[in-house]
Amino acid sequence: MGKCLRKFFQREMVRYLFFGGCTTAVNLAVYSFLRYVGKIPVNHANLISIVAAIVFAFFGNRFWVFAVTDTDRRKILAEFVDFVGMRMGTLGFEFFGVWFLVGYTEIPDFLGKCLVQVLVIALNYVISKFVVFRKRQVGGIANE
């Protein structure tokens, strides 16, 4: 059973879905805590929860999903800047998607946030795989 489970998690897409789920859990947990315990307004709680999820997602994606092994601090910082930059687009999509669904429809705020999360996860996979953590050619040699 352990071998089967390890083989299953060797698949990049499975790891991404697992960490995407964890990232979504971080996002929703922070949002729920701020919104319902802290009584923070929807937009503020949404923005803070997205930022927390982005930081969590970077480390999950870099080290476990795409298994980047380079430990050069400058490269990690450059990847983080790329990651955050690319996620600003999906942050905007998520922020305004939730704002629209909550402000202009009858959808409850938590349900609207969950619906937008589905699209954000798919967009973020494409961005991470093909832009931020892609293998780069340096002098004709594939480089992580």
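Numbers below:
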{"read-out": "Size of electric dipole in the chain: Cβ of Lys, Arg +1 and of Asp, Glu -1, about Cα centre, debye, nearest 20", "value": "560 debye"}
{"read-out": "Axial C-alpha extent at least 20 Å, average Kyte-Doolittle at least -1.0 - helices from the chain (DSSP)", "value": "12-32, 42-60, 73-104, 109-127"}
{"read-out": "Spin-label pair Tyr36/Cys22, simplified geometry with 7 Å Cα→Cβ offset, distance in nm", "value": "2.4 nm"}
{"read-out": "Length gained when the stretch Val131-Val118 is fully extended (0.36 nm per residue, less Cα-Cα span)", "value": "2.7 nm"}
{"read-out": "Charge dipole of the chain about the Cα centre (unit charges at C-beta), most positive-ward option of Leu77, Met88, Trp64", "value": "Trp64"}
{"read-out": "Kirkwood Rh and Cα Rg combined as Rg over Rh, evaluated for the chain", "value": "1.03"}
{"read-out": "Distance (nanometres) between label positions extended 7 Å along Cα→Cβ at Ala78 and Val14", "value": "3.3 nm"}
{"read-out": "Nonlocal Lys pairs with alpha-carbon distance under 25 Å, the chain (8 or more apart, or different chains)", "value": "6"}
{"read-out": "Additional length obtainable on full extension of the chain from Val51 to Trp64, 0.36 nm per residue less Cα span", "value": "2.7 nm"}
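FYI, it's all coordinate maths here, none of it is from the lab. This one's a predicted model, so the numbers in the text were calculated from it and none came from an experiment. Positions of Cβ are backbone-derived with ideal geometry, glycine not excepted, and every protein chain shown enters the neighbour counts.
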